[in-house]
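The values are calculated or read from the model by the stated rules, or taken from the named source; none is laboratory data. Since the structure is predicted, the reported quantities are computational estimates derived from the model, not experimental observations. Cβ sites come from the backbone with ideal geometry, for glycine too, and all protein chains shown count toward neighbours. We work out accessible area using only protein heavy atoms, side chains counted, and drop any ligands, DNA or RNA first. Shrake-Rupley method; radii C 1.70, N 1.55, O 1.52, S 1.80 Å.
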Amino acid sequence: MSLKFRCAKHIDLEQIVTIHIESFKGFFLTNMGRPFLWLLYQAFIDSKKGVLRVAEVDGQNIGFSAGTISPETFFSELKRSKWLSFIAASFLGVLKHPFV
């Protein structure tokens with residue numbers, strides 16, 4: 001068994017989203033739905049301020065960590081530049097889990 005940590009790539013997004021959903025059942029971000037999570041984690045990969053790492057065992061992703069080197073600007077820039085995409089991505093999740 002070989003444990004390895006590396007920067008996430010776009011090809012990892014499906015596994016990252018699946019790991020998130022399986023690990024955080026019932027949590028707010030999970031309830032926003034798979035498309036929302038995909039867009040969020042894609043932003044961590046695409047932004048120079050985002051950090052997304054995967055933990056891999058024998059070529060299989062088993063975990064991940066996401067963060068930013070600039071929390072004071074990362075999320076506000078993401079909100080400003082991708083707000084419409086996030087609204088569209090979360091539409092079904094909000095219908096399934098409305099805010100009460």
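For Ala8, the conditions (1) open to solvent by 40 Å² or more (accessible area, probe 1.4 Å); (2) under 17 Å from Asn61 (Cα atoms); (3) among the aliphatic types (A, V, I, L, M) all hold with the exception of (1). With the structure loaded, tell me whether Gly63 is without any contact (Cβ under 8 Å) to a residue 60 or more places away in the chain and within 18 Å of Lys9 (Cβ to Cβ) or whether it fails that test. Taking the combined requirement at face value, the residue satisfies it.
Here Ser2 does not qualify as modelled with pLDDT of 95 or more and small (Gly, Ala, Ser). Looking only at segment 63-80, residues that are part of a loop (DSSP other than H, G, I, E, B) and either closer than 23 Å to Phe24 by Cα or open to solvent by less than 50 Å² (accessible area, probe 1.4 Å) (or both) come to 1 in all. Among the numbered criteria (1) of a type in the set (D, E, K, R); (2) surrounded by fewer than 12 Cβ atoms within 10 Å (Cβ to Cβ); (3) not in a helix (DSSP H, G or I), which one does Glu56 miss? All conditions are met except number (2).
You will find that of Asp46, Asp58, the residue that is within 13 Å of the chain's Cα centre (by Cα) and of a type in the set (Asp, Glu) is Asp46 and no other.
Screening segment 30-48 for residues that are open to solvent by less than 50 Å² (accessible area, probe 1.4 Å) and not in a helix (DSSP H, G or I) and picking the one that is modelled with the highest pLDDT gives Ser47.
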